[in-house]
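The values are calculated or read from the model by the stated rules, or taken from the named source; none is laboratory data. Since we're looking at a predicted model, the values are computed, not measured. We place every Cβ from the backbone using ideal geometry, glycine too, and count neighbours over all the protein chains shown. The area values use the complete protein model at the heavy-atom level, side chains included, leaving out ligands, DNA and RNA. Shrake-Rupley method; radii C 1.70, N 1.55, O 1.52, S 1.80 Å.
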Amino acid sequence: HPRADQLVIALGTNDSRDYAAGNVERVVANLSKMIELSRAARPQMPIILCAPYNINTEGLKRDQDKAMQREQNIIAFGKAIEKLSVEKKTYFIDFHGAIPKTSLTADGVHPDTAGHAAIADVAWKAIKAQLKW
């Protein structure tokens, strides 16, 4: 968008369903390309990279056998995204742990209204602090 004030790139928890080797490296490569394209179009626009939020492994009824692998993927993605954020000089928001388990009871992945409010609270505080609003 030609009038965007900032760009927020957030990985979703569904990305944690990629169990193949090299999944973290693919995420980093894709995010790097997004940053590159964004900076080519709008060099001064602030970019915010976001680590995915936590899941409730106990609530993953359909995917219980992979629940811990998904959680490990989310943590690995978060660490890699934070490192990339430092390397590429972007802002970073870590959503892991932002949502209480009680807000992830429907399916273990998708938050309820209170969970979305928790994400918004973390995002707003980080954006205000990092962009000095």
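Identify all residues within the stretch 85-114 that are in a helix (DSSP H, G or I) and in contact with a Leu (Cβ under 6 Å, 6 or more places away or on another chain); write none if there are none.
Residue satisfying the conditions is S85 alone.
Restricting the stretch 64-78 to residues that are under 16 Å from the mean Cα position of the chain (by Cα) and without any contact (Cβ under 8 Å) to a residue 40 or more places away in the chain leaves a set whose member that is least open to solvent (accessible area, probe 1.4 Å) is G78. The lone criterion from (1) acidic (D, E); (2) under 14 Å from the mean Cα position of the chain (by Cα); (3) over 19 Å from L11 (Cβ atoms) left unmet by E58 is number (2). Of the residues I55, I81, I48, I93, the single one that is open to solvent by less than 30 Å² (accessible area, probe 1.4 Å) and in contact with an Asp or Glu (Cβ under 8 Å, 6 or more places away or on another chain) is I55. Any idea which of (1) in contact with a His (Cβ under 8 Å, 6 or more places away or on another chain); (2) of a type outside the set (S, T, Y); (3) part of a helix (DSSP H, G or I) is the one N54 doesn't satisfy? Among (1) in contact with a His (Cβ under 8 Å, 6 or more places away or on another chain); (2) of a type outside the set (S, T, Y); (3) part of a helix (DSSP H, G or I), the lone unmet condition for N54 is (3).
A count restricted to the stretch 18-44 and to residues that are touching a helix residue (DSSP H, G or I) at 6+ places or on another chain (Cβ under 7 Å) and either loosely packed, with under 14 Cβ neighbours inside 10 Å or of a type in the set (A, V, I, L, M) (or both) stands at 7.
Condition check ((1) within 26 Å of W124 (Cβ to Cβ); (2) out of contact with any Lys or Arg (no Cβ under 8 Å at 6 or more places or on another chain)) across all residues:
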{"site": "L7", "(1), (2)": "yes, no"}
{"site": "G22", "(1), (2)": "no, yes"}
{"site": "R42", "(1), (2)": "yes, yes"}
{"site": "I47", "(1), (2)": "yes, no"}
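Could you pull out the residue among I93, I127, I119, I75 that is on the phi < 0 side of the Ramachandran plot and touching a helix residue (DSSP H, G or I) at 6+ places or on another chain (Cβ under 7 Å)? Exactly one of I93, I127, I119, I75 is on the phi < 0 side of the Ramachandran plot and touching a helix residue (DSSP H, G or I) at 6+ places or on another chain (Cβ under 7 Å), namely I93. Taking the listed residues R17, R70, the one that is of a type outside the set (S, T, N, Q), in contact with an Asp or Glu (Cβ under 8 Å, 6 or more places away or on another chain) and modelled with pLDDT of 90 or more is R70, with no other qualifying.
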